[in-house]
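Below: the structure, in structure tokens.
The values are calculated or read from the model by the stated rules, or taken from the named source; none is laboratory data. Please read all numbers here as calculations on a predicted model, not as lab measurements. Here Cβ is always computed from backbone atoms with ideal geometry, including for glycine, and neighbour counts include all displayed protein chains.
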Amino acid sequence: MIKAIPEQPWPKVRQYIADAFIAGAQYALSHQWISVEDDLPESNTDCIIYTHDDMGSVKMFAWFDGENFHGEQDDEIYHPEFWMPLSTLMQSDPSNP
């Protein structure tokens, strides 16, 4: 990536752009759907789940208790095919509401 940016005007700008690209790529790769067959979240983890029901596909907020995924709105138990951790930017920080 860094070689695609011309030498001018400033090497620091070139490095900043390259670093931003790499950080964005790392974020995107770390926030993809994870199959429940491959891995499960840690206990008491908030996440987004993807599953199917009679109406079609469902994407929703849920939490994992170590054994089951519970819907955030209804506390129903769901059996999703995939899950994704919530971004740390989306999670509330009690010290900074």
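For first residues located in segment 58-71 and without any contact (Cβ under 8 Å) to a residue 60 or more places away in the chain and more than 12 Å from Met84 (Cβ to Cβ), partners that are exposed (fewer than 13 other Cβ atoms within 10 Å of the Cβ) and of a type in the set (S, T, N, Q) and lie 6+ apart or on another chain with Cβ distances below 8 Å form the pairs Trp63/Asn44; Asp65/Ser43; Asp65/Asn44; Gly66/Ser43; Gly66/Asn44. Among the residues of segment 34-71, which ones are in a loop (DSSP other than H, G, I, E, B) and surrounded by 15 or more Cβ atoms within 10 Å (Cβ to Cβ)? Passing the criteria: Val36, Leu40, Pro41. Screening segment 2-33 for residues that are of a type in the set (D, E, K, R) and part of a helix (DSSP H, G or I) and picking the one that is modelled with the highest pLDDT gives Asp19.
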